[in-house]
Amino acid sequence: MTQERTFIPLNIAVLTVSDTRTEENDTSGRTLAERLTAAGHHLADKKIVADDIYRIRAVISAWIADPAVHGVITTGGTGVTGRDGTPEAVSVLFDKTLDGFGELFRAISFDEIKTSTIQSRALAGVANGTYLFCLPGSSGACRTAWDRLIKDQLDARTRPCNLVELMPRLLEK
């Protein structure tokens, strides 16, 4: 008989990267915060930061240095315009890259937005034992990523495997 797995609530921070968003009109950040708390996780923190790689990196570095933060989800800055720098800000912090996340996100997004998905540089990785997911700025992309990828991987009950069950081993040397 298979042993029943228990849900483990995580502390997840949300960062909106934008030069124009405010708390009032940050629908993508709000979408992520609502979805992660509805799933049973805790919103560790939520911030909005300008499209500046050093500001992005500073906020995320503080979160990954905090052992109480288990995950970070960013929204915005993953496109190809001159101000889009979230992948450049975050990828240098990774200890490990989860290449399959970006690949699968774009494959799933193809069904929704067709070839426009090639403009997304969504990515994920692990830094100092903290999971990081960088999503596009649209609330639709945030819903897709959370509902179809992140939610299940951040649920210890997901079989055959999930990211939560690996957490105790992330800082192994």
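As I understand it, the dipole of the chain uses +1 on the Cβ of Lys and Arg and -1 on the Cβ of Asp and Glu, about the Cα centre. Which of Val69, Cys161, Ala107 lies farthest toward its positive end?
Cys161
How large is log10 I(q)/I(0) at q = 0.12, 0.14, 0.22 Å⁻¹ when the Debye formula is applied to the Cα atoms of region 90-173, each weighted equally and without solvent?
Relative scattering, expressed as log10 I(q)/I(0), comes to -0.37, -0.49, -1.09.
Lysine pairs, Cα distance under 21 Å, 8 or more residues apart or cross-chain: how many in the chain?
4
If amide H atoms are built 1.01 Å from N in the plane of the peptide, which residues on other chains or at least 5 residues away come under 5 Å of the amide H of Leu123?
Here Cys134 satisfy the definition.
Placing +1 at every Lys and Arg Cβ and -1 at every Asp and Glu Cβ, with all other atoms neutral, what dipole size does region 67-160 have around its Cα centre, in debye to the nearest 20?
Rounded to the nearest 20 debye, it is 140 debye.
Using the Karplus curve 6.51 cos²θ - 1.76 cosθ + 1.60 with θ = phi - 60°, work out ³J(HN,Hα) for each residue of region 48-58 in order, rounded to whole Hz, and write x for Gly and Pro.
Calculated HN-Hα couplings, in order: 10, 9, 5, 5, 9, 4, 6, 5, 4, 4, 5 Hz.
Arranged from highest to lowest average of other beta-carbon atoms within 10 Å per residue, in what order do the peptides 67-75, 22-30, 128-136 appear?
Answer by packing, highest mean first, reads 128-136, 67-75, 22-30.
Helix 27-38 versus the longest principal axis of the chain: what is the Cα-based angle in degrees, 0 to 90, to the nearest 10?
Once rounded, the angle reads 10 degrees.
What do the square roots of 5 times the Cα gyration tensor eigenvalues come to for the chain, in whole Å, largest first, as semi-axes of the equivalent ellipsoid?
For the chain, the semi-axes come out at 24, 18, 16 Å.
Would you calculate a helix-derived [θ] at 222 nm for the chain, using -39,500 (n - 2.57) for each DSSP H run of n ≥ 4 and dividing by the full residue count, to the nearest 500?
It comes out at -9000 deg cm²/dmol, rounded to the nearest 500.
Per residue of region 103-116, what does 6.51 cos²θ - 1.76 cosθ + 1.60 with θ = phi - 60° give for ³J(HN,Hα)? Whole Hz please, x for Gly and Pro, Karplus curve as stated.
4, 5, 4, 5, 5, 5, 5, 4, 4, 9, 10, 6, 5, 4
Throughout, read-outs are computed from the coordinates displayed, never taken from laboratory work. Note that the structure is a prediction, hence the values are computed from the model and not measured. Note that we place each Cβ from the backbone using ideal geometry, even for glycine, and neighbour counts take in every protein chain shown.
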